[in-house]
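Engineer: Pasting in a structure now, in structure tokens, and then I'll have a few things to ask.
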Amino acid sequence: MNAGLTIQDLSVAYGRRRILHSLTAEAPMPGEVVAVLGPNGSGKSTLLKALAALVPSRGDVRLDGRAVLAMSREDRARRVVYLPQALPPSVHLRVFESILVAGNAGERGLAQKTLTPVVQGILERLGIAHLGMAFLDELSGGQKQLAGLAQALVRDPELLLLDEPLSALDLHHQFQVMALIREETRRRGMVTLVVLHDINIALHHTDRVLLVADGGLAGAGRPEDVITPESLARVYGVRGRLERCSRGRLSVHIDALA
Ligand SMILES: Nc1ncnc2c1ncn2[C@@H]1O[C@H](COP(=O)(O)OP(=O)(O)OP(=O)(O)O)[C@@H](O)[C@H]1O
């Protein structure tokens with residue numbers, strides 16, 4: 001039985017500047033998509049990088065009961081995939097090929113014959129099957145972001161860390177990507193943490209929220225419990241309302257600065 005992700009007393013500093021102080025989070029369970037919310041500079045990316053051991057940290061992070069920070073680099077690379085906010089410069093490789101390469105990496109790498117239909121399926125479900133033969137370095141910003149997501153998904157991690165994966169996407173693709181992330185997270189029983197700035201996307205498309213502020217958590221739990229007029233004022237400094245639409249879904253409306 002997979003025990004999900006637990007974060008206990010996680011601290012990160014850049015030089016002498018402390019960014020996260022003893023952050024402890026209740027366990028996201030396998031199959032859950034977790035929104036990481038919070039103001040600019042609050043430490044969301046730092047949290048994801050610390051979970052992937054890309055920045056030095058202190059504390060205990062466990063995935064399926066195993067200490068992530070103590071894993072060998074190879075073991076961790078198989079289990080934990082981090083998709084950065086700023087994608088690395090693109091190489092002159094075709095999109096399809098780049099996803100095959102990502103899927104072949106590590107011990108879990110599948111044979112090309114097995115991987116080809118998997119890659120095709122991911123491209124289709126992201127709505128970019130027509131870009132398979134395009135070169136990565138000739139894509140638009142949003143297309144690159146979708147190709148990066150396909151490279152992350154094909155690696156089939158246990159913990160998927162996505163840093164603002166919607167930032168360059170149009171409305172159609174934002175919806176499509178969040179629906180796919182949720183479906184894949186449930187189907188594979190992985191845990192997905194996704195940094196978002198759009199509170200309504202967090203309300204509608206995620207199972208749990210971690211609200212990061214002042215080096216710790218200003219709230220954690222179900223989106224409708226964490227996203228409240230009080231927390232919006234306290235954490236973001238805005239005056240907001242939550243209203244239920246005719247379909248029964250909650251949405252946030254911001255009226256003014258608090
Ligand atoms: N490599 C670094 N060296 C020094 N300080 C850093 C470094 N990376 C980030 N910081 C600082 O750490 C703090 C948290 O940054 P982080 O990128 O984690 O914030 P964030 O919540 O993801 O912000 P945003 O929403 O603006 O992307 C910021 O004050 C930032 O200036």
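Bear in mind these aren't lab numbers, they're just calculated from the coordinates by the rules spelled out. Small disclaimer: the values here were computed from a predicted structure and weren't measured. Here the Cβ positions follow ideal geometry from the backbone for every residue, glycine too, while neighbour counts run over all protein chains shown.
Engineer: From a point 7 Å beyond the Cα of Arg94 in the direction of its Cβ, which residues of region 117-150 have a backbone N at a distance under 13 Å?
Structural biologist: 120, 130-136
Engineer: Select from Pro223, Pro89, Pro30 the residue whose mean-square fluctuation is largest in a Gaussian network model of the chain (Cα-Cα springs shorter than 10 Å).
Structural biologist: Pro89
Engineer: Hey, another quick one. Quick check on the chain: of the DSSP beta bridges with both residues there, what percent are antiparallel, nearest 5%? Write out the running numbers ahead of the final one.
Structural biologist: Details: 25 of 42 bridges.
Antiparallel bridges make up about 60 percent of those DSSP assigns within the chain.
Engineer: Please give the length that would be gained between Thr24 and Thr114 if that part of the chain were fully extended, namely 0.36 nm times their separation in residues minus their C-alpha to C-alpha distance (nm, one decimal).
Structural biologist: Values: separation 90, 0.36 × 90 = 32.40 nm, distance 3.98 nm.
That works out to 28.4 nm of additional length.
Engineer: Determine the gain in length on full extension of the stretch Ala179-Glu243; use 0.36 nm per residue of separation and subtract their C-alpha separation, reporting nm with one decimal. Don't skip to the end; give the middle numbers.
Structural biologist: Numbers: separation 64, 0.36 × 64 = 23.04 nm, distance 2.24 nm.
Working it through step by step, the gained length comes to 20.8 nm.
Engineer: Rounded, prolate or oblate for region 173-214? Axes are the square roots of the Cα gyration tensor eigenvalues, ordered a ≥ b ≥ c, and the cut-off for rounded is a/c under 1.5.
Structural biologist: It comes out oblate by the Cα gyration axes.
Engineer: OK, next. Can you say what percent of the DSSP beta bridges in region 139-245, counting only those with both residues inside, are antiparallel? Round to 5.
Structural biologist: Counting only bridges with both partners in region 139-245, antiparallel ones make up about 50 percent.
Engineer: For region 1-129, what does the alpha-carbon gyration tensor say about shape, rounded, prolate or oblate, given a ≥ b ≥ c as the root eigenvalues, a/c under 1.5 as rounded, and a/b over b/c as prolate? Could you put the intermediate results ahead of the total?
Structural biologist: On the way: a/c = 2.02, a/b = 1.66, b/c = 1.22.
Note, shape of region 1-129 comes out prolate.
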